[in-house]
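Read through the structure below, which is laid out as structure tokens, and then see the notes.
Quick note: the coordinates plus some simple rules give every number you see, no bench work behind them. Everything numeric in this text was worked out from a predicted model, so none of it was measured. Don't worry about glycine lacking a Cβ; one is built from the backbone with ideal geometry, like all the others, and counts go over all protein chains shown.
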Amino acid sequence: MLYPIFTETRGVLNLGGIWEFKLDDGRGLKDKWFEQKLTDTIPMAVPASFNDIGVSGEIKNHVGDVWYETEITIPKVYKNERLVLRIGAATHKASVYVDGVFVAEHKGGFLPFEVELSSDSEKAKRRITIVVNNIIDDSTLPVGVYEEEEVEGIGKVVRNMPNFDFFNYAGLQRPIKLYTTPRSYIKDIELVPQVTTDGGLLSYRVSTVLESVEEDYLVVAQLIDEEGKNVATGEGLQGEMSVSDLRRWEPLNAYLYTFKATIMKGEQLIDTYEEPIGFRSVEVRDGKFLINDKPFYFKGFGKHEDSPIAGRGFNEAVNVMDLRLMKWMGANSFRTAHYPYSEELMRLADREGIVVIDETPAVGVHLNFSAASGGFTKEDSTWSRIKTFDHHKDVLNDMIARDKNHACVVMWSVANEAATEEEGAYEYFKPLVELTRERDPQSRPVMIVTFIKSTPELDKIADLIDVLGFNRYYGWYENSGELDVAKVRLAAELAAWEKRCPGKPMMMTEYGADTIAGYHEIVPTMFTEEYQSDYLKINHEVFDQVPTFIGEHVWNFADFATSQNVRRVNGNKKGVFTRERKPKNAAHELRKRWTAIDDFYYKT
């Protein structure tokens, strides 16, 4: 799936701004609100989460459908063009209407989808109506619990409880764009860069849609360096380009070439598209994670797309600042916990040389455990009850289709904290891991992130994956306040994993302690800044003793919003920055550690 850009043959209109917004009381679709212009609306920013902006409990905690609407004018110059409405994300399910006519439906709140519009209409104005549903249950990703209760004196009370520990922000949370292509156009580009002993090799495949297959079309491919010099050319829908004097894409030292594909008909330019591409190799071998054949050490975070006011809404300023703060700390990577992040952030990570583990929204796929302390009860195996499998396949397909060419993406994460210790986990995940390998043209490594109950003795999926990813909280949820005991137990578990999976790389994908900024004690005490720093220190002392330990991702980069529950006071406070991006003491301590650790060869 190609990201919308301006080229000689393509235009892009940003439809962000103020849209009309309305909560649905349950009658909207039944009464066909889409047939007429919405009434009794309030203004709503797009892109953004609607929850906090509404400044009312009714809006913040609404469960069910919400309605967005705007009117756009199609410029005359687009009359004969192909028009595509691209929705960056609609959380979690969307139905789209144009002038009251249903045109598309999409399930999945963190990946884009497109709707082709007719450009032949005599009407210049179009009314775009999008119905977004935020319900999460045992068939959605992420997973939640939906229930209704009749309460005397109130009536029906609806609850939608997340089976995960972050707020269920929803709405049109990423950019919405209208873009154009010619009628014959480039549909997709697949790039496989290889680093060779004497340069580089780029395999490419271009997919096109042509008005007439009988006409004489030619696809021309070019590879252009950052100085604008054409360094390689090719012809046809697929081929290979060799590159001498190659500049590699390196962590924190990015170099991006531009792959340019053009459809020609004789001397006539039909369509052209440009895709950034970085040359780097990725491989797991001999207990190491190799980037460009050098042992790489992950330093960074699990994080969230989360900021004040906008919630999970797209925020370019926050994205830039977050990556700048990471570089200030000596971090080189992050995981897209717990859903694919915006395309714009991925493109920025390409440019900045930030390494990314790309994760699906498969969080909460464990019906006998809840990170949010609510919801499901212990019954049969998760895998006999969960209804996410088909949707999980769709999400994997869509995520890889969107992100397959990104240099920053070095590994896929199929799920976070699923019931990998329960019988049935292997059978659930085996086809998903196989699908991931089949769909990725660059053959990146694959991981499934596990939690503390998925012990070396009980885990069912370790043999399926390339890298072991652990979420472990010894000293916080386990052995709370007992850092000496926590250190011993962590070391013992990692030793047991070494015995079960000898030579398989492992990394800590989450470890952290809730910390109230400005709370101090002489003796490190839970929730103080001193405790957070000491907690991280004892973890690092263990990590450094394990030869196959390839990285550390602190949970979390910044404090973030969660649903109300007795474990959370105004959100999750495990950030080393506050939600407003002010550093706690741990940020300075991590900076000392990470700037002293090289990105490569740390464990050799």
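Can you sort VAL363, VAL220, VAL145 from fewest to most other Cβ atoms within 10 Å of each residue's own Cβ? Spell out each step's value before the answer.
Numbers: VAL363 24, VAL220 16, VAL145 20.
Placing the least packed residue first, the sequence is VAL220, VAL145, VAL363.
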note = The relative contact order of the chain, taking Cα pairs under 8 Å that sit 6 or more residues apart, comes to a percentage of 13 percent
Spin-label pair ASN368/LYS123, simplified geometry with 7 Å Cα→Cβ offset, distance in nm = 5.4 nm
task = Distance check, please: which entries in LYS288/LYS453; LYS393/LYS504; LYS177/LYS582; LYS460/LYS573 exceed 30 angstrom between their Cα atoms?
result = LYS177/LYS582; LYS460/LYS573
query = Points 7 angstrom from Cα along the Cβ direction at LEU29 and ASP463: gap in nanometres?
reply = 4.3 nm
request  = Report, largest value first, the span of the C-alpha coordinates of the stretch 185-277 along each principal axis, in whole Å.
outcome  = 44, 21, 21
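What value, in deg cm²/dmol to 500, does the helix sum -39500 (n - 2.57) over DSSP H runs of n ≥ 4 give at 222 nm once divided by the residues of the chain? Provide the component values of the computation, followed by the final result.
Details: 10 runs with 111 residues, N = 604.
When only DSSP H runs of four or more count, the value is -5500 deg cm²/dmol.
Could you put THR604, THR180 in order, starting from the residue whose Cβ has the fewest other Cβ atoms within 10 Å? Kindly include the intermediate steps, with their values, before the conclusion.
Working: THR604 9, THR180 22.
Starting with the residue having the fewest Cβ neighbours, the order is THR604, THR180.
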request  = Please go through the stretch 156-230 and write out the trypsin sites (Lys or Arg not before Pro) that DSSP classes as loop and that have at most 11 other C-beta atoms within 10 Å.
outcome  = LYS229
message = I need the P(r) histogram for the stretch 300-596: all alpha carbon pairs, bin width 5 Å from 0 out to the longest distance, whole percents.
response = 1, 5, 12, 16, 19, 18, 15, 10, 4, 1, 0
query = Separation of the stretch 180-232 and the stretch 455-470 by C-alpha centroid, Å?
reply = 39 Å
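For THR455 and VAL157 in the same chain, what is the full-extension length gain: residue separation times 0.36 nm, less their Cα-Cα distance, in nm?
Values: separation 298, 0.36 × 298 = 107.28 nm, distance 3.91 nm.
Length gained between THR455 and VAL157: 103.4 nm.
On full extension of the chain, what length is gained from GLU214 through TYR255, given 0.36 nm per residue of separation minus the C-alpha to C-alpha distance?
On the way: separation 41, 0.36 × 41 = 14.76 nm, distance 3.98 nm.
Working it through step by step, the gained length comes to 10.8 nm.
Given N residues in the chain, what is its alpha carbon radius of gyration divided by 2.2 N^0.38 Å?
Numbers: Rg = 24.7 Å, N = 604, 2.2 N^0.38 = 25.1 Å.
Against the compact-globule rule of thumb, the ratio is 0.98.
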ask   = How high is the relative contact order of the stretch 300-596, in percent, with contacts defined as C-alpha pairs under 8 Å that are six or more residues apart?
value = 18 percent
message = For ASP598, project a label point 7 Å along Cα to C-beta. Then give me every residue of the stretch 541-569 with its amide nitrogen under 16 Å of that point.
response = none
inquiry  = Can you tell me which aspartates and glutamates have their Cα less than 18 Å from the Cα of LYS430? Leave out same-chain residues fewer than eight positions away.
reply    = GLU359, ASP390, ASP394, GLU417, GLU421, GLU422, GLU438, ASP440, ASP459, ASP463, ASP466
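With an 8 Å cut-off on Cα pairs and a minimum separation of 6 or more residues, tell me the relative contact order of the stretch 12-181 in percent. Intermediate results must be reported in sequence, preceding the final value.
On the way: 379 pairs, mean separation 51.7, N = 170.
Across the stretch 12-181, relative contact order equals 30 percent.
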task = Quote the charge dipole size of the chain about the Cα centre in Debye, to the nearest 20; the model charges only the Cβ of Lys and Arg (+1) and of Asp and Glu (-1).
result = 900 debye
ask   = At q = 0.11 Å⁻¹, what base-10 log of I(q)/I(0) does the Debye formula yield for the stretch 12-181 when every alpha carbon is treated as an equal point scatterer in vacuo?
value = -0.47
